[in-house]
Amino acid sequence: MGKLIKAELYRTSKVNGFWVLSFFIVLFMATVPYISSEKADSAETFFAGGLSNIAVGSMLIALMASYIVGRGYHHRTCMYEVMAGNSPLRIILSKLLSIALPIALLVFVAHLIGLGIACTMSTKGIEDVLEREPLFFLVLLRYTTFGVLLTMCVKSLLGTGLTYFRLVLESIAMIVASAVTGTDLMEDALNADLVVGNTTSTILNTAFLSQQGVLLSSPMSSSVVLQVVVGFVLELLLWGGITYLVYSKRDY
């Protein structure tokens, strides 16, 4: 699997669009809280500002991960991985480790740099922020994992469009759920007012990729951790399982 990962990393490094998009995503995630309406002047406000814009930043990294995988199918380079006799599990893991994980780490490091800058102004709330950082990284990884696996399922650049459609569909579903329940779940999610334990809120925040409402909920509790972890595991098992079945057919 090491050779698969090295080969994928090499191909990715040769994609000019990857470096350009990476630059803008890193810049966005590290600086947007400073240019938003509520400028970051402490660790606490930086984290809140960063999460309030996670829908945009995370959509970009999901699309980038999807594009990199889809490009391999477009140029027919992915079929050689199957022809070489690699098992579906090895191929799936190599894609996740060489594409989904590095992109999530790149954005997370950019976020930490911005957080460090915020701490030079004030360390207010830093303890509360630090205990949420692992969950924040897991949310980022969930976005990139979804982008990679969905594109592997359809085996084309169409996966990038479908990834975008999924993210838009979540917003529509939130609006519909708000109309049905008579509460503004969209506004609640953006303002981190979702009530932990509320059935509708719990289902939406576990099933949906963007979980800023959960991460900003106070106080931090086992329920918050459970929703983020379960959401990631379910995403991985669902799309990983479908991708495994698709690759098992070796239909190239």
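The values are calculated or read from the model by the stated rules, or taken from the named source; none is laboratory data. Just so it is clear, the structure is predicted and the values come from calculations on it, not from any experiment. So basically every Cβ, Gly included, is an ideal-geometry build from the backbone, and we count neighbours across all protein chains shown. Heavy atoms of the whole protein, side chains included, go into the accessibility calculation; ligands, DNA and RNA do not. Shrake-Rupley method; radii C 1.70, N 1.55, O 1.52, S 1.80 Å.
Here are the numbers for this structure:
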read-out	value
Segment 78-96 - residue that is under 16 Å from Thr151 (Cβ atoms) and at pLDDT 80 or above and, of those, surrounded by the most Cβ atoms within 10 Å (Cβ to Cβ)	Lys95
Lone qualifier among Gly2, Gly17 - being modelled with pLDDT under 75, open to solvent by 20 Å² or more (accessible area, probe 1.4 Å) and more than 23 Å from Glu235 (Cα to Cα)	Gly17
Subset of segment 134-161 [open to solvent by less than 10 Å² (accessible area, probe 1.4 Å) and more than 21 Å from Tyr244 (Cβ to Cβ)]	Phe136, Val139, Leu140
Residue tally, condition at pLDDT 75 or above and open to solvent by less than 30 Å² (accessible area, probe 1.4 Å), over segment 20-58	1
